[in-house]
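See below for the structure under consideration.
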Amino acid sequence: MGTNQTKKASPFKEFALFEKEITDFANKYKTIVVNQAKRTSEYFEMTCFNYIVRFYELNGYSLEVKNLQSDKYRYKCSPAGIQSNFSHFEATTKVGKRKISFEIQHNLAVQSSQDNLLFTSPDISVIKKGKVKYTNEYYETKTTFSFVENKDLMTFCEVKQFNPFPELLFNFIGVLNELKVEYMTNSGETHISAHIAPSLMISGKPNKQTTTIKKSLENRYCINIIYDLFYNATFTFSKGNINDLRKAGQKPSH
Amino acid sequence: MATETPIINILTYKLPFELSKQIYNEFQNRLKEANFLIETYKTYKPLKDNIKTVELFLSLSIFHRRVITNLDGAVKFYGTVIKNGQTDTVRIGNYNLTGEEKNKILAVVMNYNTLLEKFSIPLVVMEYYETREFLKKLITLKSDLENADYKEKGTKRNGNQSDEEGLPF
């Protein structure tokens, strides 16, 4: 036995020690945890964004951070704000001799595919490069509104830090119907460059009912519903498993 | 004195009200359910003498899910930005996540993992949807640790035996 091996304790037998160690940990890092805890929902979104970036990386795209603000990556935490004041990732791939670039944006308003006057902001959207538009006509206050036209939207993702429940899942289909109506009839366009299919990423673990709903919805639409994000995402977004995620277009026929 | 304060209160002390409320409510609901299951059903009886340990695990697992995993996500996102951009700072609202700040968060995550490792707690124990699933995982962990302990003692005993057998008298 190596001398460096730390002795393992049993939390069942050594209850007092277990309690003491948790208390020591909590007290030692209290200040940092308290300071950071107010940003946990942003950190969750960032976690999901990170996985989407990884999807593009594993699909052969080169990635670059764009639009730094004063040399900083400025993260857009909410739909409010002018998009050009925030940073994003640019994903570039080669199709033949041509290079095509897309932007992975956070909280950008996207025009509806059903009505040009309607907009909604998915948490993450992948759009054609340089297609963010600005208008002062959207708000009554004439505040600048940033958006992307529906034809320039490649795909989108919604992220939820909840345990999955039926209404949450069906709401996503409402967003899909608004932003990618062609997916409702399985007529999504398959692109030469790979894009992740519209996806719902949920932190919580499913139960029997929500597992059944996921199966049913994925059977009907070309989408990904990813549960249990903190534990399964490393596996789902790994090199060996990335191809199990559906790509934008039409759902595979079984 | 410190041991008299419930761990859930220590873990949530000074956290933002909303987050603290979510953690605390989840803890109370699950604890009530866990106590009921252990008292009522034979399946969960192996935990009858470990109610206090169940309480610690429950506190830690909720804290894990609602705090630690998000901190870990921040560290990973920071890494992706640094890898793909000419910057060393992520600005979130008015807060600058710099390399130094990232290291502070990383220290929390690493020490948390060390704590789990010290008590042979696999991450899978922290993953559950239903309380009954959580209790079943604790029963398995308890049994695994007891078996490992038994085997270790057995090895030592056998080891001593063979030494004795080697003696000339």
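Tabulated values for the structure
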{"quantity": "Chain B: calculated mean residue ellipticity at 222 nm from DSSP helix runs of at least 4, using -39500 (n - 2.57)", "calculated": "-23000 deg cm²/dmol"}
{"quantity": "Percent of C-alpha pairs per 10 Å bin, region B:2-121, short to long", "calculated": "11, 33, 30, 16, 8, 2"}
{"quantity": "Neighbour-count order for A:His106, B:His64, fewest beta carbons within 10 angstrom listed first", "calculated": "B:His64, A:His106"}
{"quantity": "B:Glu100 versus B:Gln28: modelled label distance in nm, points set 7 Å from Cα along the beta carbon direction", "calculated": "4.0"}
{"quantity": "Inter-label distance, nm, simple model (7 Å from Cα along the C-beta direction), A:Val34/A:Tyr134", "calculated": "4.1"}
{"quantity": "Added length on full extension, which subtracts the Cα-Cα distance from 0.36 nm per residue, A:Ser101 to A:Asp24", "calculated": "22.8 nm"}
{"quantity": "Subset of A:Lys129/A:Lys239; A:Lys131/A:Lys214; A:Lys214/B:Lys45 violating a 29 Å alpha-carbon distance limit", "calculated": "A:Lys131/A:Lys214; A:Lys214/B:Lys45"}
{"quantity": "Placed amide H near B:Arg91: partners under 5 Å, 5+ positions off or other chain", "calculated": "A:Tyr73, A:Arg74, A:Tyr75, B:Leu97"}
{"quantity": "Region A:137-254 - convex hull of alpha carbons, volume per residue in Å³", "calculated": "146"}
{"quantity": "Cα centroid of region A:188-241 to Cα centroid of region B:42-85, whole Å", "calculated": "23"}
{"quantity": "Cross-link partners of B:Lys21 among aspartates and glutamates (Cα-Cα below 19 Å; sequence separation of 8 or more within a chain)", "calculated": "A:Glu42, B:Glu33, B:Glu55"}
{"quantity": "Calculated log₁₀ intensity ratio I(q)/I(0) where the Debye formula runs over C-alpha points of region A:14-58, q = 0.22 Å⁻¹", "calculated": "-0.76"}
{"quantity": "For chain B: relative contact order, % (alpha-carbon pairs under 8 angstrom, 6 or more apart)", "calculated": "20"}
{"quantity": "Magnitude of the charge dipole, the protein assembly as shown, Cβ model with Lys/Arg +1 and Asp/Glu -1, debye to 20", "calculated": "520"}
{"quantity": "Volume in Å³ per residue [convex hull over Cα atoms, computed for region A:41-244]", "calculated": "131"}
{"quantity": "Over the protein assembly as shown, equivalent-ellipsoid semi-axes from the Cα gyration tensor in Å", "calculated": "45, 24, 23"}
{"quantity": "Test item: A:81-90 mean partner chain Cβ contacts at 10 Å", "calculated": "1"}
{"quantity": "Leading residue at positive end of dipole, chain B (Cβ point charges), from B:Ile105, B:Phe17, B:Phe63", "calculated": "B:Phe17"}
{"quantity": "Isotropically averaged projected area of region A:10-105, using the convex hull of Cα atoms (one quarter of hull area), nm²", "calculated": "10.2"}
{"quantity": "Dipole of the protein assembly as shown, positive direction: furthest Cα of B:Gly73, B:Leu138, A:Asn85, with charges on the beta-carbon", "calculated": "A:Asn85"}
{"quantity": "Of the GluC sites (Glu not before Pro) in region A:92-161, those whose Cβ has at most 12 other Cβ within 10 Å and which sit in DSSP loop", "calculated": "A:Glu137, A:Glu140"}
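Bear in mind that the values in this text are calculations on the coordinates, not laboratory data. All figures in this text were calculated on a predicted structure; none of them were measured in a lab. Cβ atoms come from the backbone with ideal geometry, glycine included; neighbour counts cover every protein chain shown.
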